[in-house]
1. Scan the stretch 30-53 and report the pairs whose first residue is under 18 Å from residue 72 (Cα atoms) and whose second residue is modelled with pLDDT under 85 and surrounded by 14 or more Cβ atoms within 10 Å (Cβ to Cβ), with Cβ atoms within less than 9 Å and a gap of 6+ or a chain change.
2. For residues in the stretch 122-152 being under 9 Å from residue 105 (Cβ atoms) and part of a loop (DSSP other than H, G, I, E, B), which is farthest from the ligand (Cβ to nearest atom)?
3. Surrounded by fewer than 20 Cβ atoms within 10 Å (Cβ to Cβ), modelled with pLDDT of 90 or more, part of a strand (DSSP E or B) and within 16 Å of the ligand (Cβ to nearest atom) - does that describe any residue in the stretch 77-91?
4. Can you tell me which of (1) within 16 Å of the ligand (Cβ to nearest atom); (2) over 27 Å from residue 36 (Cβ atoms); (3) surrounded by fewer than 16 Cβ atoms within 10 Å (Cβ to Cβ) is the one residue 50 doesn't meet?
5. Let me spell it out: the conditions are (1) within 16 Å of the ligand (Cβ to nearest atom); (2) closer than 24 Å to residue 36 by Cβ; (3) in contact with a strand residue (DSSP E or B) (Cβ under 7 Å, 6 or more places away or on another chain), and residue 63 meets all of them except one. Which number is the exception?
6. Please verify whether the stretch 92-112 includes one or more residues that are exposed (fewer than 15 other Cβ atoms within 10 Å of the Cβ) and near the ligand (Cβ under 10 Å from one of its atoms).
7. How many residues are touching a strand residue (DSSP E or B) at 6+ places or on another chain (Cβ under 8 Å) and not in a strand (DSSP E or B) if we restrict to the stretch 92-102?
8. Looking at this structure, is residue 97 at pLDDT below 95, within 16 Å of the chain's Cα centre (by Cα) and under 17 Å from residue 26 (Cβ atoms)?
Ligand SMILES: [Zn+2]
């Protein structure tokens, strides 16, 4: 197949976020707060070699930090973050959901102090159980579907 018809071009320098849960790529973009005018490729519901579907994000000329890689894990815990230089993977982050998240999520409890007009930054802690559940530090309300609560 001529190269111009390839599904997605290879990137030379940048970041590839692979194994994102299907249809969650846009939520990953939101949590990373990356401006949408940069050069990127987004694959939604593409076939995974492991079977099933996945999303992939590729950014040209952008290197995610370890901290940003962990934010990806908020939305998609199994995602992998690969840093590419000269067309090769030079760094691979094992993403790990952060233990404490400040200012990124909104509490689902409208009466929570973090939702009042006070300068209180929201804060959530990862629950020690295995459900990828975050608990509000102020009102103890927990949230599971984190993508729904990413602050815009
Ligand atoms: Zn709360």
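1. So the pair list comes out as 40/34.
2. 151
3. Residues of the stretch 77-91 that are surrounded by fewer than 20 Cβ atoms within 10 Å (Cβ to Cβ), as a first pass: 77-78, 80, 82-83, 85-91.
Applying the additional criterion that residues be modelled with pLDDT of 90 or more yields 80, 82-83, 85-91.
Adding the requirement that they be part of a strand (DSSP E or B) leaves 80, 82-83, 85, 88-91.
Still in the list and also within 16 Å of the ligand (Cβ to nearest atom): none.
No: zero hits.
4. Status for residue 50: all satisfied but (1).
5. All conditions pass for residue 63, except number (1).
6. If we filter the stretch 92-112 for residues that are exposed (fewer than 15 other Cβ atoms within 10 Å of the Cβ), which is where we start, we get 92, 94, 96, 99-100, 102-103, 110-111.
Still in the running and near the ligand (Cβ under 10 Å from one of its atoms): 110-111.
Within the stretch 92-112, one or more residues are exposed (fewer than 15 other Cβ atoms within 10 Å of the Cβ) and near the ligand (Cβ under 10 Å from one of its atoms).
7. Initial filter on the stretch 92-102 (touching a strand residue (DSSP E or B) at 6+ places or on another chain (Cβ under 8 Å)): 92-95, 97-102.
Those left that are additionally not in a strand (DSSP E or B): 95, 97-99.
Matching residues across the stretch 92-102 total 4.
8. Values: at pLDDT below 95: yes; within 16 Å of the chain's Cα centre (by Cα): yes; under 17 Å from residue 26 (Cβ atoms): no.
For residue 97, the condition - at pLDDT below 95, within 16 Å of the chain's Cα centre (by Cα) and under 17 Å from residue 26 (Cβ atoms) - is not met.
The values are calculated or read from the model by the stated rules, or taken from the named source; none is laboratory data. All of these numbers come straight from a predicted model, not from anything done at the bench. Note: ideal-geometry Cβ built from the backbone for every residue, glycine included; neighbour counts use all protein chains shown.
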